[in-house]
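Below: one structure, written as structure tokens.
Please treat every number below as a calculation from the coordinates, not as lab data. Owing to the predicted nature of the structure, the values given are computational and were not obtained by experimental measurement. Positions of Cβ are generated from backbone atoms using ideal geometry, with glycine treated the same way; all protein chains shown enter the neighbour counts.
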Amino acid sequence: MTTILTQGEKHPKLKQDLERARRMKKNHFYANSGLIKASTIHSFKGLESKTVFYLMDEKDTPELVYTSITRAAENLVILDKSDTSPYSDFFSGAISNTGGLF
């Protein structure tokens, strides 16, 4: 009888250390580092950034739109790649009502 163990089973501490390092790399991007973090909405949940560029798609659900626009601490730039986005009127009205400060 042969038993095959994965690396994680042979070295559980190594597996834990690697998982911790992966999480830290994902969650720790620093302002003024000269780097840009590109991410999907799904993987950016729970995180925040000083400036967020949101590439809106007409298929985005209200939940995804909310998650996207609430990730920005100070600056939010929305790029709507659709001419028929269901959110265009909302954002246009909000920008008009605030004089561009939305």
(request) Would you mind checking which residues have amide H under 5 Å from ASP80's amide H? H placed 1.01 Å from N; only 5 or more apart, or other chain. (result) MET56
(request) May I ask for the net charge around SER88, where only other residues with Cβ less than 15 Å from the Cβ of SER88 are counted and Lys, Arg are +1 while Asp, Glu are -1? (result) -4
(request) For the stretch 74-80, just list the computed ³J(HN,Hα) in residue order, Karplus coefficients 6.51, -1.76 and 1.60, θ = phi - 60°, integers in Hz, with x standing in for Gly and Pro. (result) 10, 10, 10, 10, 9, 10, 9
(request) Return the inverse of the average 1/r over all pairs of distinct C-alpha atoms in the stretch 31-102, which is the Kirkwood hydrodynamic radius, in Å to one decimal. (result) 13.1 Å
(request) Could you sort out which of LYS13/LYS50; LYS15/LYS50; LYS37/LYS59 sit more than 29 Å apart by Cα distance in this structure? (result) LYS13/LYS50; LYS15/LYS50
